[in-house]
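Data block below; observations after.
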Amino acid sequence: MNFNTLIAQRQSVRRYATTQVEDEKLNMCLEAARLAPSASNSQPWRFVVVTDEPLRTQVAKATFSDVQLINKFTLQAPVMIAIVMEKARLITRLAMMVKKKEWPLIDIGIAAEHFCLQAAEVGLGTCMLGWFDEKKIQKLLNIPGDKSIALLISVGYAEDGYKLRLKTRKSLDEIVNYNVYKDSD
């Protein structure tokens, strides 16, 4: 699949089939994420792959509540991935203080997108999640309290009939300036 087709087809899947994800495909996605670039090659991530029941269901339940139901679809996903932010290299941490930038979060975003694009190429659906009960998931997955979960990714095969949605994005004219920044009115 060419790259433009791949990025056009990659979407957040919110309805999963009960089909289990093959280890080979999951490992391809993890390898794609592992190869992502990072500031000073810090690779500030650790991936916790959750497939065992009832643990996977407990993690999924920590992504929604009685009040916030938006992530309830995670109960269908056969795999949940927690991306734990690890310490960046000393040189990166010093540069972060000077420049007031949180490069590990950017790095994790790149790794997560590598994971999701590889998943799309092999026919898997994914959804990146930023809304979850971090303390509950840390406890469930034995993640130390001094570490933070940057993202969760649900993974599985899209339910039969799940349609590719037309992407609605701002036009290039709305988001691109050449040489100087200009507000769009």
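Taking into account only those residues within the range 64-107 that are among the aliphatic types (A, V, I, L, M), part of a loop (DSSP other than H, G, I, E, B) and open to solvent by 20 Å² or more (accessible area, probe 1.4 Å), which is modelled with the highest pLDDT? First the steps, then the outcome.
Going residue by residue through the range 64-107, those that are among the aliphatic types (A, V, I, L, M) are 67, 69-70, 75, 77, 79-85, 88, 90-91, 94-98, 105-106.
Keeping just the survivors that are part of a loop (DSSP other than H, G, I, E, B) gives 67, 69-70, 77, 88.
Now drop any that are not open to solvent by 20 Å² or more (accessible area, probe 1.4 Å), which leaves 67, 69-70.
Details: V67: 86, L69: 87, I70: 91.
This residue is I70.
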Check your understanding: Is there any pair linking a residue in the range 158-185 that is under 23 Å from A17 (Cβ atoms) to one that is open to solvent by 100 Å² or more (accessible area, probe 1.4 Å), with Cβ under 7 Å and at least six apart or on different chains, and which?
Key -> A158/R15; E159/R15; Y162/R15
Practice item. State which residue pairs qualify: first residue in contact (Cβ under 8 Å) with a residue 60 or more places away in the chain and inside the range 59-72, second residue in a loop (DSSP other than H, G, I, E, B) and of a type in the set (S, T, Y) in any location, beta carbons under 9 Å apart, and separation of 6 or more residues or different chains. Key: I70/T63; N71/T63
Exercise for review: Only residues that are open to solvent by less than 10 Å² (accessible area, probe 1.4 Å) and closer than 18 Å to P37 by Cβ: list them for the range 112-128, please.
Suggested key: A112, F115, C116
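The values are calculated or read from the model by the stated rules, or taken from the named source; none is laboratory data. Remember, it's a predicted structure, so these values are computed and weren't measured experimentally. In this analysis, Cβ positions are derived from the backbone assuming ideal geometry, glycine residues included, and neighbour counts consider all displayed protein chains. SASA here: full protein model, heavy atoms, side chains in, ligands and nucleic acids out. Shrake-Rupley method; radii C 1.70, N 1.55, O 1.52, S 1.80 Å.
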